[in-house]
């Protein structure tokens, strides 16, 4: 009853702008405080199931009927809220002030965040799709509406960006997971009604306008992260997406190029996390996206090199399979340097290597992290929950054969051990992370033959044990993890157990002395 009173007040033409703003804020707070998920979850099946036992029918039926009645009343108010909000966003007569519309956009975000959209509740889902469409159309109209000043337009775009961010999902929770995309948003993206909005986001001309650039790129990154398939829905959309990336990456300003590589990273993250629920051609990533990443690794901007390296870490294993197979695509035609070699070279500090090194510590750290992720995905067997082992991309349940796995493992160990002496603590920690991932990947692969030589494994043990005395806690933590995986290789694998066991006893003794001191 209180909610309906607020909605009537919002629609009234007899109140002032300030009073309408107060009513809109009150509605938003009312919406956030109500247990809508509980109230709207009562269905006919709940009632039928609860009254099936006739011995308890008299006692349980009234409470469920009351809950059913409450659910209907709440749903009616929510439906009216959708109607009122959509009407205000669709109004083209300049009836509402900038401040009122800004609050309406905020209310739209609160609706998408707090209303539970169940699959079988088609009415609410349809209302949610209509609301998303109204928000999208409102954003498009801002570009041609001369009734707002630049400052007002910026304020509205800021509110719209927050609404889109909430409505798209992907917010990191305290548990380390991302909030899912609401069902109405997904339905809207899948519909033709969303096409004009996406075309506007991808429009180079729109992005060149200062007032819209930040909104468009931030919103586009959020969309691509949660729904990467939207960039490749049609051949025309693919061409537009690639044109946008090329335009950004060839920009004169470092911030412009960083926006381009951030967009690529969002796309790769979204594709990696959506594997199994979507299909994006591997050829598109290998032949179009990877060359852009490769070029960005040599950019003069450290932040761009760092983000490009991190992008390699989330490339799908099946893409790496194609990269390794397609030599002309996987290597530089002039130097013969592969994508993997290029990322690996960025792990090295100029203080430990004379050539092929990286001066920036953040870039070295990002490259080490990427190498660890690549090795985990390519050397070990694919996760059966994510990848189909019968796929033609995989050979005997692995991404790459033993020859290439041995080459990768040996190369990582040989080139990264010296980086344990890096002056940057974060880099040392990520080096140990990468070495630990290599050891764990070898363990999970269960190869009959060793993938790393006896000498390299022994040297790794000594170097990693020295890191136990590091002043950086994260370095010590990753050293302990890596030693654990190396220990498994020594005692549970086809290495020379007798020789390694004696050496390992010496290492453990040295490690004990380190801990004692």
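Bear in mind that the values in this text are calculations on the coordinates, not laboratory data. On a predicted model such as this, the values are computed, not experimentally measured, just so you know. Every residue, glycine among them, receives a Cβ derived from its backbone with ideal geometry; neighbour counts consider all protein chains shown.
Annotations for the structure displayed:
- Among 92-101, 217-226, 172-181, sorting by the average number of other beta carbon atoms lying within 10 angstrom of each residue, highest first, gives 217-226, 92-101, 172-181.
- Packing, as the average of other Cβ atoms within 10 Å across residues, places the peptides 314-320, 12-18, 78-84, 369-375 in the order 369-375, 314-320, 78-84, 12-18, highest first.
- Residues 138, 25, 324 arranged by fewest to most Cβ contacts within 10 Å: 25, 324, 138
- Sorted fewest first by neighbouring Cβ atoms within 10 angstrom, 470, 341 come out as 341, 470.
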